[in-house]
Amino acid sequence: MSQKELFRKMTFPELGDERGNLVVVEGAIDIPFEIKRAFFIYGSDATVVRGCHANRISEFVLINVSGTSKVMITDGTSKEIVSLTRPRDGVYIPKMMWKEMYEFSKDAVLMVLASTHYDGSEYIRDYNAYLNEMKQQN
Ligand code: TYD
């Protein structure tokens, strides 16, 4: 049985020069989908856990453009933790993965690029409901 990838780590080129650093991410080139939405999370701290949901349709790339954070990704069976520590690093999360973001540094700004416009009805926010949907898929 082929296993679907939980996530894909990405490192973007840095086009910096003596004036400073520059990182560019282009939809469908550096990011594995056309970007329909971007949002960013800041002002969370080390006690906060965000996310705690899966998306039936949306795919995401998370980039910690300032500070650091961690993201836990699970499909209900395998579980991995990715540390985001540099603005040029990202993590691609396919649809139907449960994700939790946490351990935000005080200066953390977590930018999220999404493949869809927002639709709250494609979010699964209850972990047991998520596990049931995953069981039905397999
Ligand atoms: P939520 O999904 O709980 O944020 P996170 O996953 O980062 O913890 O979203 C918080 C609120 O913001 C919730 O009421 C839905 C709303 N929201 C939008 O309206 N559009 C969006 O693109 C996102 C991500 C959230």
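What part of the accessible area of the chain, given as a whole %, is carbon or sulfur when the probe is 1.4 angstrom?
Using a 1.4 Å probe with all protein chains present, the chain comes out at 50 percent carbon and sulfur.
Whole-Hz Karplus ³J(HN,Hα) for region 118-127, in order, using 6.51 cos²θ - 1.76 cosθ + 1.60 and θ = phi - 60°, x for Gly and Pro?
Each residue's phi maps through the Karplus curve to give 5, 8, x, 6, 8, 8, 10, 10, 10, 5 Hz.
Looking at the chain, identify the longest residue range that excludes and avoids all GluC sites (Glu not before Pro) in DSSP loops having at most 15 other Cβ atoms within 10 Å. Intermediate values should be presented prior to the final figure.
Working: sites that count: E5, E18, E26, E34.
The answer is 35-138.
Give the separation of the Cα centroids, region 1-30 to region 76-138, in Å.
Value for the Cα centre distance between the two parts: 17 Å.
How much area per residue is accessible in region 1-71 when the probe is 1.4 Å and only protein heavy atoms are counted (Å²)?
Per residue, region 1-71 has an accessible area of 64 Å².
Full-extension gain between E80 and Q137, please, as 0.36 nm times their residue separation minus the C-alpha to C-alpha distance.
18.4 nm
Using only the alpha carbons, work out the radius of gyration and Dmax of region 8-137 in angstrom.
When restricted to Cα atoms, region 8-137 yields Rg and Dmax of 15.0, 54 Å.
When only alpha-carbon atoms are used, what values of Rg and Dmax, in angstrom, describe region 35-85?
Here Rg and the maximum Cα pair distance are 12.1, 31 Å.
The values are calculated or read from the model by the stated rules, or taken from the named source; none is laboratory data. Remember, predicted model here, so these are calculated numbers, not experimental data. Positions of Cβ are backbone-derived with ideal geometry, glycine not excepted, and every protein chain shown enters the neighbour counts. Remember, those area values only see protein heavy atoms, side chains included, never the ligands or the DNA or RNA. Shrake-Rupley method; radii C 1.70, N 1.55, O 1.52, S 1.80 Å.
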